[in-house]
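I have placed the structure first, in the form of structure tokens, so that the comments after it can refer back to it.
The values are calculated or read from the model by the stated rules, or taken from the named source; none is laboratory data. Not measured: the values here are computed from a predicted model. Note that each Cβ is placed from the backbone with ideal geometry, even for glycine, and that neighbours are counted across all protein chains shown.
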Amino acid sequence: MARPRTSGLLLHPTSLPGRFGIGELGPEALRFADFLAAAGQRLWQVLPLGPTGYGDSPYQCFSAFAGNPLLISLDLLEAEGLLAPADLASVPPFPEREVDFGPVIDFKLPLLRRAYARFSEAAGPAEREALERFCREQAAWLDDFALFMAVKAAHAGVAWTDWERDIAARRPEAIERWRRERAEEIEATRFAQHLFFRQWGELRRHCHARRIRIMGDVPIFVAHDSADVWAHPELFQLDEEGRPTVVAGVPPDYFSATGQLWGNPLYRWDELARTGYAWWIDRVRATLALVDLVRLDHFRGFEAYWEVPASAPTAATGQWVKGPGAALFEALRGALGELPIVAENLGVITPEVEGLRERFGFPGMAILQFAFGSDPQGNDFIPHNYTRDRVVYTGTHDNDTAVGWWTSGVGDSTRTPEEVEAERAFARRYMHSDGREIHWDFIRTLLGSVAELAIVPLQDVLGLGSEARMNVPARPGGNWRWRFTADALSPEIRQRLREMTETYGRVKRKTARKHKPHSEDQ
């Protein structure tokens, strides 16, 4: 049976407004959920929620299970008495329209330690039991993560392969010594995770009360400098020192003539299979405890992935290697039941990849920005070729905004200026657009399609240009910084989005309440 037509917005919580330099899981997050509901949207898509490491990327986290402490709402901590008004009296002059991660980290992490100190001094029995219960329930990953962060801090933040050899190799006596010597830091990290999960749970309940589901994101790979790889080196292709022998990437494509060299270590799928894919089951289970459905990043890598020698300067030198295929998803489904997964099936997609996706009934994705550059008969990204089970986007976090795409020329793609002009001309004809409100033309075309779920980055709703782009693939820095301002979500934008969503049957049309006649009216 067909699912109802719905739509939603893509916005990572770091992009929310607020006075502390980064979006948080507090009042502004609740306000955004209210905007979604009022605008007729039924889904909020976020990027991975973990603690960011290299390049501040949510796809390079220190843990695949932990939450990002930078998202913890300081306003909520003040309301609980874990921070005093004086603690928040001197806030640095953070920029409104972007996240400057270094100063934000320097400002927020000491405040979280202060909140832990106040909790340690004044918490009552109920609060202490709640923390202890959280630590017991999450011990399988939390103990390793908290120790990892404590040891990392003691080594000035360097990668775990550059730590003292005994703790890098997780020798039992070293683990015991570090846990004893860094006990307070470890407990503070556990407490911060408790705060994150509690605040996220409150936000999710707020969304559910407004009939909004949350779509999370599971990257296929994890960062090498992470608690996951340090705690489970046997699951990854590493040398005796713990360094990757081969790394992940993708071959040359639309975004880059030399491919994308991600650098993540590759799995030992044989070892994962031997354990019944237990680590992956735990990972997906943990994610589904936080969100309602999951975008599974780089789905094609589960059928075959691009393996690059760790010493290679670019991803151009690599080879396709078979992934776990159906065996992994059979194990996941056996342990977790039907899987609410959206497959990110972009890139070099083969019949084998599509066969794997279709076997498990995972909806695929289509990006409208990719619709106008090739044959409209064989192009899966053009709306007249959509199927109902597609999840369709104007663009994703890796794309330019719709306005930026329209105005930037060749940009970061591998197209020629002539190809770009032909693409623009076809887009004008296809969408009956004069280009003056290209972002609304994109949104209208998407919402009017047959696809059951349409998702629009907030930047496109606001009509912003390339300055609001979230990520440029293969660019090493300067990504993930964009934020919107508190006054951006105007009543006019909300109403226009609501009306367009109603017009195309993605939310029930609001109707005036019927007048019940009095007896004298009859």
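Using the structure shown, decide if residue 186 is modelled with pLDDT of 95 or more, aliphatic (A, V, I, L, M), within 29 Å of residue 78 (Cβ to Cβ) and buried (at least 19 other Cβ atoms within 10 Å of the Cβ). Yes: the conditions hold for residue 186. Among the residues of region 458-484, those that are of a type in the set (A, V, I, L, M, F, W, C) and more than 18 Å from the chain's Cα centre (by Cα) comprise 461, 462, 464.
Looking at the structure I just gave you, is residue 131 assigned to a helix (DSSP H, G or I), under 25 Å from the mean Cα position of the chain (by Cα) and more than 15 Å from residue 14 (Cα to Cα)? No, not satisfied. Within region 24-48, the set of residues being touching a Ser or Thr at 6+ places or on another chain (Cβ under 9 Å) and aliphatic (A, V, I, L, M) comprises 25, 29, 39, 43, 47. When 349, 341 are checked against the criterion of being surrounded by fewer than 17 Cβ atoms within 10 Å (Cβ to Cβ), under 27 Å from residue 395 (Cβ atoms) and hydrophobic (A, V, I, L, M, F, W, C), a single residue qualifies: 349. Taking each residue of region 30-59 that is acidic (Asp, Glu) and looking for partners that are not in a loop (DSSP other than H, G, I, E, B) with beta-carbon atoms closer than 6 Å, six or more apart or interchain, yields 56/101.
Across region 472-500, the qualifying residues are those that are under 25 Å from residue 31 (Cβ atoms) and among the polar types (S, T, N, Q), and the one among them that is surrounded by the most Cβ atoms within 10 Å (Cβ to Cβ) is 495.
Restricting attention to region 445-457, the residues that are surrounded by fewer than 21 Cβ atoms within 10 Å (Cβ to Cβ) and over 22 Å from residue 375 (Cα atoms) total 1.
For region 103-116, the candidate set comprises residues that are free of Cβ contacts under 8 Å to residues at least 40 places away in the same chain and touching a helix residue (DSSP H, G or I) at 6+ places or on another chain (Cβ under 9 Å); within that set, the residue that is nearest to residue 481 (Cα to Cα) is 105.
With respect to (1) touching a Leu at 6+ places or on another chain (Cβ under 7 Å); (2) part of a loop (DSSP other than H, G, I, E, B); (3) not basic (Lys, Arg), the lone exception for residue 470 is condition (1). The set of residues in region 427-462 being of a type in the set (D, E, K, R) and either more than 21 Å from residue 8 (Cβ to Cβ) or touching a residue at least 12 places away in the same chain (Cβ under 8 Å) (or both) consists of 428, 429, 434, 436, 437, 444, 452, 460. Within region 256-290, the residues that satisfy the criterion of being assigned to a loop (DSSP other than H, G, I, E, B) and surrounded by 19 or more Cβ atoms within 10 Å (Cβ to Cβ) are 256, 259, 266, 277. Figure legend. Inter-residue proximity from region 259-286: first residues over 15 Å from residue 222 (Cα atoms), second residues modelled with pLDDT under 95 and outside any loop (DSSP other than H, G, I, E, B), beta-carbon distance below 6 Å, spacing 6+ or different chains. Indicated pairs: 259/249; 259/250; 260/249; 260/250. Flag not set for residue 39, criterion: at pLDDT below 95 and closer than 30 Å to residue 388 by Cβ. The listed residues are 153, 188, 209, and the only one of them that is of a type outside the set (Asp, Glu) and within 18 Å of residue 138 (Cβ to Cβ) turns out to be 188.
Annotation note: of 31, 42, the sole residue that is basic (Lys, Arg) and touching a helix residue (DSSP H, G or I) at 6+ places or on another chain (Cβ under 9 Å) is 42. Looking for something within 30 Å of residue 271 (Cβ to Cβ) and basic (Lys, Arg) - is there at least one such residue anywhere in region 198-214? Looking for residues that are within 30 Å of residue 271 (Cβ to Cβ) and basic (Lys, Arg), one finds none in region 198-214, hence no. Of everything in region 361-410 that is acidic (Asp, Glu) and within 25 Å of residue 216 (Cα to Cα), the residue that is surrounded by the most Cβ atoms within 10 Å (Cβ to Cβ) is 400.
Any residue at all in region 78-95 that's polar (S, T, N, Q), over 30 Å from residue 231 (Cβ atoms) and modelled with pLDDT of 95 or more? No. Across region 1-46, which residue is farthest from residue 69 (Cα to Cα) among those that are assigned to a loop (DSSP other than H, G, I, E, B) and β-branched (Val, Ile, Thr)? Among them, the one singled out is 46. I'd like to know if region 110-119 contains one or more residues that are at pLDDT below 95 and either aliphatic (A, V, I, L, M) or surrounded by 19 or more Cβ atoms within 10 Å (Cβ to Cβ) (or both). No, the conditions are met nowhere in region 110-119.
Checking 255, 302 one by one, the residue that is of a type in the set (Phe, Trp, Tyr), modelled with pLDDT under 95 and farther than 30 Å from residue 25 by Cα is 255 and no other. The single residue among 321, 308, 284, 291 that is at pLDDT 95 or above, touching an Asp or Glu at 6+ places or on another chain (Cβ under 7 Å) and of a type in the set (A, V, I, L, M, F, W, C) turns out to be 321. Checked against the criteria, residue 328 does not count as farther than 16 Å from residue 64 by Cβ, modelled with pLDDT of 95 or more and hydrophobic (A, V, I, L, M, F, W, C). Of the residues making up region 221-252, just one is more than 25 Å from residue 66 (Cα to Cα), surrounded by 18 or more Cβ atoms within 10 Å (Cβ to Cβ) and either touching a helix residue (DSSP H, G or I) at 6+ places or on another chain (Cβ under 6 Å) or of a type outside the set (A, V, I, L, M, F, W, C) (or both), namely 251.
Here residue 103 fits the description: part of a helix (DSSP H, G or I), surrounded by fewer than 16 Cβ atoms within 10 Å (Cβ to Cβ) and in contact with a Gly (Cβ under 8 Å, 6 or more places away or on another chain).
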